[in-house]
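Inspection log for the structure reproduced underneath, given as structure tokens.
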Amino acid sequence: VIKIYEHGTTTTRIVKDMQKLLKEKSKDFLQTDLNVFVENEAKCVYDEIKVNYPDFRVELILDLAKQPLETKILPPEFGEVIVALIDNSFYALADRSVTDKAFSPQIKISTELVNDDIILKVKDNGTGVSPRDLERLCNPFFTTKPTSKGTGLGLFMSKDIIEIHKGEIKIDSEEGKFTEVIMVLPTLNKISSSI
């Protein structure tokens, strides 16, 4: 009975993620200061996810560029990227805390302007990912989490959403040390000059 319940729950999560994936994307790209959006979204998502880890303390560090970072985004979709990344970080941090009682769990979100690109990074000091798994992280249905926890669609959807924003995503990780997701997005200036 427990196994049936677990499989039912997993199926429900996969169906919900598939619905997100297949749902029609927003059409209205809104001019946004990415710093403001990321700060607000990260704090809300952090508070929501923290509820699932009641006795687990994670430090959220925001290291955002001093200047506004103007770009155009689809807010609901971009919010989903932040949710997926912070959720993955929490899981990796909680997983590492089981075997490493001495470490201080951290999620660091940073932004910077490089030429006409915005660099957005989400880094955690959790379990990290093996080199073999790193290559497959954005493949659909590939997950490093147990089946009861992951669907393998979070990073796949995130990559799709970043590409819709004319950006790119890459992941750097060292097993047992950290995972960092690096997203490069065009500034409003770059978007305007390419039209």
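The values are calculated or read from the model by the stated rules, or taken from the named source; none is laboratory data. Source: prediction; values computed, not measured. Backbone-built Cβ (ideal geometry, glycine too); neighbour counts: all protein chains shown. Quick note on the areas: whole protein, heavy atoms, side chains included, nothing else; ligands and nucleic acids left out. Shrake-Rupley method; radii C 1.70, N 1.55, O 1.52, S 1.80 Å.
Is the stretch 37-89 best put as rounded, prolate or oblate by its Cα gyration tensor, with a ≥ b ≥ c the root eigenvalues, rounded for a/c under 1.5, and otherwise prolate when a/b is larger than b/c, oblate when not? Mind showing how you got there, number by number?
Working: a/c = 2.99, a/b = 1.60, b/c = 1.87.
Here the stretch 37-89 falls in the oblate category.
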For Asp28, solvent-accessible area (1.4 Å; no DNA, RNA or ligand), Å²:
110 Å²
Quote to one decimal, in nm, the extra length available between Lys66 and Asn52 on full extension: 0.36 nm per residue of separation minus the C-alpha distance between them.
1.8 nm
Taking 0.36 nm per residue of sequence separation and subtracting the Cα-Cα distance, how much length would be gained by fully extending the chain between Glu168 and Asp33, in nm to one decimal?
46.7 nm
Nearest 0.05, what FRET efficiency do Ser194 and Asn40 give at R0 = 30 Å with Cβ-Cβ as r?
0.60
Around Thr187, under 14 Å between beta carbons, what's the net of Lys plus Arg minus Asp minus Glu among the other residues?
-2
